[in-house]
1. Taking 0.36 nm per residue of sequence separation and subtracting the Cα-Cα distance, how much length would be gained by fully extending the chain between residue 5 and residue 34, in nm to one decimal?
2. Hey, can you grab everything whose amide H is under 5 Å from the amide H of residue 35? Only 5+ residues off in sequence or another chain; H modelled, so Pro and N-termini drop out.
3. List the residues whose amide H sits under 5 Å from the amide H of residue 21, counting only those 5 or more places along or on another chain, with H placed 1.01 Å from N in the peptide plane.
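Throughout, read-outs are computed from the coordinates displayed, never taken from laboratory work. These figures come from a predicted structure and were not determined experimentally.
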Amino acid sequence: MSERAAPFHCPYCADEDLRPHEAGHGAWECGACNRAFQLKFLGLLARGVQPTSSGESQI
Ligand SMILES: [Zn+2]
């Protein structure tokens, strides 16, 4: 379960021509703009899960 979902769009040019980069885990390269980038998991948000049924959201 270490496999992460692949990004669908390049964050720089929004193209879909993405492929895994040889730099390793979470690294992707874009065939359209020739950029390489890395996705990094920063941690869980402290606010937790918001209930969707309530009308207002209070933070
Ligand atoms: Zn791109």
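1. Values: separation 29, 0.36 × 29 = 10.44 nm, distance 2.09 nm.
Length difference between fully extended and current span is 8.4 nm.
2. Answer set, sorted by chain and number: 30.
3. For residue 21, whose amide H was placed from the backbone, the distant partners under 5 Å are 27, 28, 29.
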